[in-house]
Amino acid sequence: MPLQPLLEEISRHHFPNPPATPEEIDEFERRVGWRLDPDLRAFYLHCNGGKGRPYRALHFLPTHDRCSYPWYRYPRDQVQPMSTNDFLEDLRKRWVESCTSSDVGLWWIADDVRQLRPEASENEVRAETLRALRPLLNQGLFRAANLLPGGSYQLWEGSVEEQLMRIDTEWATLGRPPDIGGIVWFIGAR
């Protein structure tokens, strides 16, 4: 695979840091005692590390941090094993954080759950997504809404259980994963 499409994919689906400078890369190579291969050098010139979306366990270390870890001699990033519950809790925190300044669409949440459980059927993804949303809605950290023309929101009426049932019904009727803007948006308590 050519490198440029991979770098574009990383930028679209992850949270990359700003690029490393050639001087930072030179300093890194001096400190660790080995040279980066051309593709890894291109990666760091594109983004100096970043976090996988949104998993804390998938982490591309920036050059300055890589030197301080005991496994810095290995030119590979590590993926730390976490339980599904740890991942789900991490996802919830990221969604709530995003909702403090923006909206979050059902499509995004469903995609995160799908990445968490790639072996799951779409019905299982839907059930897991609803399970993940329940505490956020119950605690008032998320509010279900429709996005209106002009950018304002119309909050959904009904109890949390009624809102979850509505999402479940509309998603099942749709018969496929929700698209951007599909079914519901979530906004934080503002």
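The values are calculated or read from the model by the stated rules, or taken from the named source; none is laboratory data. The structure displayed is predicted, hence computed values, not measured ones. A quick note on method: Cβ atoms are made from the backbone with ideal geometry, for glycine too, and the neighbour counts reach across all protein chains shown.
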What number of residues within the range 136-162 satisfy the criterion of being within 19 Å of the chain's Cα centre (by Cα) and in a helix (DSSP H, G or I)?
1
Keeping to the range 171-190, report how many residues are farther than 20 Å from residue 92 by Cα and surrounded by fewer than 11 Cβ atoms within 10 Å (Cβ to Cβ).
3
Residues of the range 115-135 being part of a loop (DSSP other than H, G, I, E, B) and at pLDDT 90 or above, which ones?
121
Subset of the range 87-107 (residues that are surrounded by 18 or more Cβ atoms within 10 Å (Cβ to Cβ), assigned to a helix (DSSP H, G or I) and in contact with a strand residue (DSSP E or B) (Cβ under 9 Å, 6 or more places away or on another chain)):
95, 99, 106
Restricting attention to the range 21-32, and to residues there that are over 28 Å from the mean Cα position of the chain (by Cα) and without any contact (Cβ under 8 Å) to a residue 24 or more places away in the chain, which single residue is surrounded by the fewest Cβ atoms within 10 Å (Cβ to Cβ)?
23
Contacts under 6 angstrom Cβ, first residue in the range 131-149 being closer than 19 Å to residue 113 by Cβ, partner part of a loop (DSSP other than H, G, I, E, B) and among the charged types (D, E, K, R), 6 or more apart
none
Residue count for the range 1-38, restricted to those that are modelled with pLDDT under 70 and hydrophobic (A, V, I, L, M, F, W, C)
6
